[in-house]
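Please treat every number below as a calculation from the coordinates, not as lab data. None of these values were measured; they are calculated from a predicted model. Cβ atoms come from the backbone with ideal geometry, glycine included; neighbour counts cover every protein chain shown.
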Amino acid sequence: MAWYRRIVVGALCLVSGGVGAPLLFLWTSWPLTAVWTGLVLLAFVVGWVLSGLFRRSWGYAEAEEELYLAYGVFVRQLVVIPYGRMQVVDVTADLLEQALGIATVRVRTAASTADTRVVGLPLTEAVQMRDRLAARSESFSTGL
C-alpha cells in the first residue's frame, strides 16, 4: 500500500511540476518557477514519507464477535464492528491496485459513518478475508 500511495503522489507531483513550472517560466520570472519547483519537490518528499507512515498505521484483528480496525497517523482511530451488524463485505481494486496485486476489503453496516476498510492486502488474502467475514456475519445475524 505504501508503494500505491507513493506512485499516486509521484504522478501528481510530476504532473503539477511538469505543467506548472514551464507555464510559470513563460508567464512570470524564473525565481517564481524555482520556488514552485521547490514546493513540488517538498510535497513529493513529504508524500513519500507519509505513505510509509499511513501504511504502518493500518491494522485489523478478527475477534470472536467483532472486527477491529485501527488506523490514522495524526488522529488514531479504533473502529469495532460486530459481525452481526455487517451488511456488505466486498473486495475492491482499482487499476493501480490490480497492477500491484493488492486489494481493499470494505465492510458496510447500516448506519456506519466510519471508514471501515482494510487496505493494501494481497488479492488472495483479501478474498479469503471477505469470505470469512461474510460467513461470520451470517452466523452472528441480529435480525435487523
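Over all projection directions, the Cα-based convex hull of the range 1-85 averages an area of 7.3 nm². Applying both filters, DSSP loop and at most 11 other Cβ atoms within 10 Å, to the GluC sites (Glu not before Pro) of the range 43-122 gives 64, 65.
Model label sites at residue 16 and residue 76, defined 7 Å from Cα along the beta-carbon direction, differ in position by 2.9 nm.
Between the listed residues 103, 50, 60, the Cα displaced farthest toward the positive end of the dipole of the range 50-104, a dipole computed from Cβ unit charges relative to the Cα centre, is found at 50.
Potential lengthening of the chain between residue 62 and residue 134 amounts to 24.7 nm, from the contour at 0.36 nm per residue minus the alpha-carbon distance. For residue 87, neighbours were defined as the other residues whose beta-carbon sits under 14 Å from its Cβ, and their charges (Lys and Arg +1, Asp and Glu -1) total +3. Note on the chain: with charges restricted to the Cβ of Lys and Arg (+1) and Asp and Glu (-1), its dipole about the Cα centre is near 360 debye. Residue 66 sits among other residues whose Cβ lies under 11 Å from its own Cβ, and their net charge, with Lys and Arg +1 and Asp and Glu -1, is -1.
Selection among 3, 116, 19 by position relative to the dipole of the chain gives 19 as farthest towards the positive end (Cβ unit charges, Cα centre).
Along the axis of the charge dipole computed for the range 13-103 (Cβ charges of +1 for Lys and Arg, -1 for Asp and Glu, origin at the Cα centre), the listed residues 88, 69, 31 are led at the positive end by 31. With the Kirkwood sum run over all distinct C-alpha pairs, the chain has a hydrodynamic radius of 17.5 Å. Under conditions of 20 °C and 1.002 mPa s, the range 41-114 yields 149 µm² s⁻¹ as its translational diffusion coefficient, taking Rh as the Kirkwood radius over Cα pairs in the Stokes-Einstein equation.
From largest to smallest, the equivalent ellipsoid semi-axes obtained for the range 1-46 from the alpha-carbon gyration tensor read 24, 10, 4 Å. Among beta bridges from DSSP that stay inside the chain, the antiparallel ones total about 100%. Note on residue 125 and residue 92: the extension gain reaches 10.6 nm, defined as 0.36 nm multiplied by sequence separation minus the Cα-Cα distance. Counting 0.36 nm for each residue step from residue 2 to residue 29 and taking away their Cα separation leaves a gain of 6.1 nm.
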